[in-house]
Amino acid sequence: QVQLVESGGGLVQPGGSLRLSCAASGMIFSIYTMGWYRQAPGKQRELVAQIDNGGSTNYVDSVKGRFSISRDNAKKMVYLQMNSLKPEDTAVYYCKAARMDLYYWGQGTQVTVSS
């Protein structure tokens with residue numbers, strides 16, 4: 001079965017960096033659009049960044065210039081490099097794989113930005 005497992009979250013001070021990883025299994029990884037979403041307490045889940053099977057990326061405006069999404073099809077991994085973190089980036093971050101009407105979610109990893 002398809003599994004997406006996120007890692008790399010944690011507590012970081014404002015201005016710091018984290019790198020999130022998502023390991024995929026049970027799927028033909030290279031054909032999926034991969035995305036990172038986040039959900040803060042009391043807020044709706046939002047798309048942060050995504051990368052399609054051709055390598056094209058897009059980002060929510062609030063993270064442009066600070067976050068970078070990448071993928072390694074051979075390793076079935078997708079990454080989110082987060083720099084210049086702000087307290088408002090605090091959320092549970094989820095990995096999503098999508099292709100046409102199929103989509104899968106990971107269990108999420110907590111990112112807390114606080115001094």
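The values are calculated or read from the model by the stated rules, or taken from the named source; none is laboratory data. Since the model is a prediction, treat every value here as computed from it, not as a measurement. Counting neighbours? That spans all protein chains shown, and the Cβs are built from the backbone with ideal geometry, glycine included. Side chains are part of the model used for accessible areas, which takes the heavy atoms of the whole protein and leaves out ligands, DNA and RNA. Shrake-Rupley method; radii C 1.70, N 1.55, O 1.52, S 1.80 Å.
Between K43 and N83, the distance separating the two model label sites (each 7 Å from Cα on the Cα→Cβ line) works out to 2.2 nm. Split the accessible area of the chain by element, probe 1.4 Å, and carbon with sulfur accounts for 47%.
Accessible surface for the chain, divided over its residues, is 53 Å² per residue with a 1.4 Å probe. Under the combined filter of DSSP loop state and at most 12 neighbouring Cβ atoms within 10 Å, region 63-110 retains these trypsin sites (Lys or Arg not before Pro): K64, K75. Largest first, the extents of the alpha carbon coordinates of region 31-115 on the three principal axes equal 39, 25, 23 Å.
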